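K.L.:
One structure, as structure tokens, below. Some questions next.
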Amino acid sequence: MGDGPLGISCDWQQTIQQRPQKNIPVGYLLDIKGMGKDASSFPKSKSLFYTPFDGDAPDYGGVQLETVGAKKAVRCVGLITQLQWEGGKLDPMDFTVLISPENKADFTGITNTEVSQLKFWICEWDSAKGKWFEKCFPLGDEANGPENEMSARLNQKGSEVMIHVGEPENVGVTDVKFCQMTFQIIPDKTHLCNIHYAHNSLDKDVYAWGYVEGGQS
């Protein structure tokens, strides 16, 4: 088992403009459930974004690629721009995500910290092999819980729940408006989570995050 850390910056513009630049990962927040919301109607909407990943069917069971003309696309809640984790099993994970303004209300005023399901997928270009590969995604609690997803809690400092959503704004040089959402998750003390992390298309690792209270760490 590896121990991290993770520090991944993603190029969200690749998912909209299909730019030829291939040296920065692209990431997708596929789904997030919990926080006291009705799972059938939360989040309100998912958007379709291009993916440069052009390999065979992904290994990650939590993502499905859709065909849009000659390209592939991913339906997701938001585009990951940053994922940070110091590497300890109890260390928080920090996500920075661009979401649709339509979903801003869903993530505003959160007081329930339970995250019952979180799925994400990050891929990157391997310049040595000339191919895209799956860089990072949750394998889940493969022994005693759901696979392909994370269970966690939003971190809380005093009365402040660590999830914040900015106002809609144009991002970069496009006229597309996003809201930047940042959130920090911590282990829920009930589920472990293994994280797939690939350094390139051949060198792959598994990192362990979380612990079970009263069990083995």
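The values are calculated or read from the model by the stated rules, or taken from the named source; none is laboratory data. Note that the structure is a prediction, hence the values are computed from the model and not measured. Cβ coordinates were reconstructed from backbone atoms using ideal geometry, including for glycine residues, and neighbour counts include every protein chain displayed. Remember, those area values only see protein heavy atoms, side chains included, never the ligands or the DNA or RNA. Shrake-Rupley method; radii C 1.70, N 1.55, O 1.52, S 1.80 Å.
K.L.:
For the stretch 34-111, what relative contact order do you get, as a whole percent, if you take Cα pairs closer than 8 Å and at least 6 residues apart?
P.N.:
Reported as a whole number, the value is 30 percent.
K.L.:
For Lys44 and Glu66, calculate 0.36 nm times their separation in residues minus their Cα-Cα distance, and state this gained length in nm to one decimal.
P.N.:
Result: 5.9 nm gained on full extension.
K.L.:
From a point 7 Å beyond the Cα of Thr111 in the direction of its Cβ, which residues of the stretch 28-68 have a backbone N at a distance under 13 Å?
P.N.:
Only 36 fall inside the zone, counting backbone N under 13 Å.
K.L.:
Could you check the simple spin-label distance between Asn144 and His164, using points 7 Å along Cα→Cβ, in nm with one decimal?
P.N.:
For Asn144 paired with His164, the spin-label model returns 3.6 nm.
K.L.:
Using the Cα gyration tensor of the stretch 1-145, with a ≥ b ≥ c the square roots of its eigenvalues, what is the shape: rounded (a/c below 1.5), prolate (a/b larger than b/c) or oblate (neither)?
P.N.:
Numbers: a/c = 1.70, a/b = 1.23, b/c = 1.38.
Because a/c hits 1.5 or more and a/b fails to exceed b/c, the stretch 1-145 counts as oblate.
K.L.:
What is the chain's relative contact order, in percent, from Cα pairs under 8 angstrom and six or more apart in sequence?
P.N.:
Contact order relative to length: 22 percent.
K.L.:
Helix-derived [θ] at 222 nm for the chain: sum -39500 (n - 2.57) over DSSP H runs of at least 4, divide by residue count, nearest 500?
P.N.:
Value at 222 nm, helices only, nearest 500: -500 deg cm²/dmol.
K.L.:
Right, something else. Using a basic spin-label model with each label point 7 Å from the Cα along Cα→Cβ, how many nm lie between Asp203 and Ala73?
P.N.:
Label-label distance for Asp203 and Ala73, simple model: 3.6 nm.
K.L.:
With every protein chain kept in place and ligands, DNA and RNA left out, what is the accessible area per residue of the chain? Probe 1.4 Å, answer in Å². Mind dumping the intermediate values first?
P.N.:
Numbers: 10240 Å² over 217 residues.
Normalised by residue count, the accessible surface of the chain is 47 Å².
K.L.:
With a/c under 1.5 counting as rounded, go ahead and sort the stretch 57-138 into rounded, prolate or oblate using the C-alpha gyration tensor (a ≥ b ≥ c being the square roots of the eigenvalues; past the cut-off, prolate if a/b is larger than b/c, else oblate).
P.N.:
Working: a/c = 2.21, a/b = 1.34, b/c = 1.65.
Taking the square roots of the gyration eigenvalues as a ≥ b ≥ c, the stretch 57-138 is oblate.
K.L.:
In addition: For Lys71, list the lysines whose Cα falls under 24 Å from its own Cα; do not include residues on the same chain fewer than 8 positions away.
P.N.:
Leaving aside lysines fewer than 8 places away in the same chain, those within reach of Lys71 are Lys22, Lys46, Lys119, Lys129, Lys131, Lys135, Lys177.
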